[in-house]
Amino acid sequence: MSGLIFTIPRKWQKEGRVRGVALSQERFQFIFQNEHDFLDVLEKGVQTYNEWAMVLERWVENPPEDYLQYIPLWVRIRKIPVNYYTQSALMTLGEMIGEVKVLAFDPTKPVTQDFIRVQVRFNVAKPLKMVRVLDMKQGRTHTIHFDYEKLQKRCFFCKRLNHEQSVCPILVRKRQTEAQTRRDNIMADLAREYRMLAHNDPLFGVLEEDQVGTDPLTGRPKIAKEVLEEMRWFLVSDTSEDITIKIDKVKMTVKKAESNLISQKTILRLESVAIITHVLDKGKCPVFYYGNKEVDRASWDLR
């Protein structure tokens, strides 16, 4: 603990201008003397200590539920199909990892590297994806690869960044009794059968279940809960409009927003628009490999 408190300011080259405070075994606060130093550290992207990634955020008095849960992560996308070299397609590939914040791609210039880089807002509680299988239609598939800059240590069983394999909670759960395993399977089945729109929900029959569920590619809701609440309020509010007109308005608005990637992000999911940079090496850092990367990659989850 003390090693981190004393080492990190030196690593940031801010010694004497940053003071560390240990809040717990896993959480620390660093107090900067000036805003410039703080922003300089954040702009450097992923920070590590003893080869483990650290999550850094500005302190707030009332932190949100996802506080200290995300890191700005540069990802290299490899083995991209030739017809995917468009901003829209590359953004879609990046969204498989996390919310895309920056796409380093200039369609007017030659591509001299065998990868395209995107910066995503990555949830450290989720597993890293090394490969993803694309449906190319007509029964054909294509596997794309992901490499992660600056990331070194991780759990090599579940591919998460917040623990080592020796204490992986998934391995611990595998040693549970058969009865507990059956119970978990039952609970998982019930969870999969859970419907977002109950019969008494104002949106029931207005939107389809697959419009409001979780996107299987990104793992994030297709429509933010705040947007759903606004729709419900609009439908039940006492206005001069007929309910059928309100329903048609909701349906048409959602259908129009679903028609392109930008409106999906900004209108339905309330996410900011990703930045398109022509600086292809923006924030570029090394990718660390352990062992035979192609063999290891093949054993990762392809779901």
Here the residues within region 59-105 that are among the charged types (D, E, K, R), in a loop (DSSP other than H, G, I, E, B) and over 14 Å from the mean Cα position of the chain (by Cα) are E61, E65, K79
So, first residue farther than 12 Å from V46 by Cβ and modelled with pLDDT under 85 in region 145-158, second residue acidic (D, E) and surrounded by fewer than 20 Cβ atoms within 10 Å (Cβ to Cβ), Cβ within less than 9 Å, six or more apart or across chains; the pairs are F156/E164; F156/D296
The correct count of residues that are touching a residue at least 12 places away in the same chain (Cβ under 8 Å), in contact with a helix residue (DSSP H, G or I) (Cβ under 9 Å, 6 or more places away or on another chain) and outside any loop (DSSP other than H, G, I, E, B) in region 266-283 is 3
Note: among K79, K101, just one is touching a Ser or Thr at 6+ places or on another chain (Cβ under 9 Å) and buried (at least 17 other Cβ atoms within 10 Å of the Cβ), namely K101
Filter region 106-144 for residues that are of a type in the set (S, T, N, Q) and closer than 28 Å to Q47 by Cβ; the one that is farthest from the chain's Cα centre (by Cα) is Q113
Selection over region 104-119 where residues are surrounded by fewer than 17 Cβ atoms within 10 Å (Cβ to Cβ) and aliphatic (A, V, I, L, M) yields a count of 1
Subset of region 218-242, residues of a type in the set (A, V, I, L, M) and surrounded by 12 or more Cβ atoms within 10 Å (Cβ to Cβ), comes to I223, A224, V227, L228, M231, L235
Considering only region 175-185, I want to know if a residue exists there that is closer than 23 Å to V102 by Cα and surrounded by 12 or more Cβ atoms within 10 Å (Cβ to Cβ). no
The residue from G16, G3, G45, G20 that alone is surrounded by 12 or more Cβ atoms within 10 Å (Cβ to Cβ) and over 30 Å from I262 (Cα atoms) is G20
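What about I5, is it in contact with a Leu (Cβ under 8 Å, 6 or more places away or on another chain), outside any strand (DSSP E or B) and either of a type outside the set (F, W, Y) or at pLDDT 90 or above (or both)?
On the way: in contact with a Leu (Cβ under 8 Å, 6 or more places away or on another chain): no; outside any strand (DSSP E or B): yes; either of a type outside the set (F, W, Y) or at pLDDT 90 or above (or both): yes.
No: the conditions fail for I5.
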Just wondering, is there one or more residues in region 40-48 that are in a strand (DSSP E or B), under 27 Å from the mean Cα position of the chain (by Cα), at pLDDT below 90 and not basic (K, R)?
yes
Scanning region 23-42 for residues that are charged (D, E, K, R) and closer than 19 Å to G283 by Cβ, the one surrounded by the fewest Cβ atoms within 10 Å (Cβ to Cβ) turns out to be D40
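The values are calculated or read from the model by the stated rules, or taken from the named source; none is laboratory data. Treat the numbers as computed from the prediction; the structure is a model and nothing was measured. Glycine also receives a Cβ, built like all others from the backbone with ideal geometry; neighbour counts cover every protein chain displayed.
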